[in-house]
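The values are calculated or read from the model by the stated rules, or taken from the named source; none is laboratory data. All of these numbers come straight from a predicted model, not from anything done at the bench. Cβ coordinates were reconstructed from backbone atoms using ideal geometry, including for glycine residues, and neighbour counts include every protein chain displayed.
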Amino acid sequence: MKPDNVDETKLKEMHAGMIEAWNRGSGAGFAAPFAPDADFIGFEGSQLKGRSQIAQFHQMLFETSLKGTRMDGGVHFVRFLRAEFAVLHAWATTTLKGQTNASSSRDSLQLFVASKHGGYWQFDAMQNSRRITMEQQMFADEFATLSPGDQGEVRHRVATMRH
């Protein structure tokens, strides 16, 4: 199913608008393209329900741990399942405050489910997943087997290695 390019462009613009809102620190703007009852799965498995909760959660992040961050991203592809239903596969990365480049540990892949109602598109669901290498996953698996004390020691050693 291939609707006209206007629909594909609109979906890509919705994703770009989320990035722009992130960079302004606007939780409401970030959540604007989501349906009132949307499902949002964060990179670490958190589950948010509805545009309001998505907005509140992100506004809290923009005012605390993600204050001053910058997001970049884009759309890999849009696939129309029907004229009114599409999936959008996107990528994003975040540069932390005080950094000039994004860390690869902040690379994410995103999958959106979108639907068109009354001529308007909205995101009904989003899954945000961190992109990690097999080596990073193996390290995480090994780290998980350590005692809490040893995990603390590893965190301390890594923190002291930063330049």
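Identify the residue in region 19-45 that is out of contact with any helix residue (DSSP H, G or I) (no Cβ under 6 Å at 6 or more places or on another chain) and part of a loop (DSSP other than H, G, I, E, B) and, among all such residues, is farthest from Gln110 (Cα to Cα).
So the residue we want is Ser26.
Any chance region 55-78 includes a residue that's under 20 Å from His117 (Cα atoms) and either of a type outside the set (S, T, N, Q) or in a strand (DSSP E or B) (or both)?
Checking region 55-78: at least one residue is under 20 Å from His117 (Cα atoms) and either of a type outside the set (S, T, N, Q) or in a strand (DSSP E or B) (or both).
Kindly provide the set of residues from region 1-18 that are modelled with pLDDT of 95 or more and part of a loop (DSSP other than H, G, I, E, B), ordered by number.
none
Among the residues in region 50-60, are any at pLDDT below 95 and closer than 18 Å to His15 by Cβ?
Checking region 50-60: not a single residue is at pLDDT below 95 and closer than 18 Å to His15 by Cβ.
Residue pairs, Cβ under 6 Å, 6 or more apart or interchain, first in region 117-144 and closer than 21 Å to Gly42 by Cα, second modelled with pLDDT of 90 or more and of a type in the set (Val, Ile, Thr). List them.
Note: pairs meeting the criteria are Asp124/Val113; Ala125/Val113; Gln127/Ile41.
In region 45-63, is there at least one residue being under 14 Å from the mean Cα position of the chain (by Cα) and touching a residue at least 60 places away in the same chain (Cβ under 8 Å)?
So far as region 45-63 goes, no, none of its residues is under 14 Å from the mean Cα position of the chain (by Cα) and touching a residue at least 60 places away in the same chain (Cβ under 8 Å).
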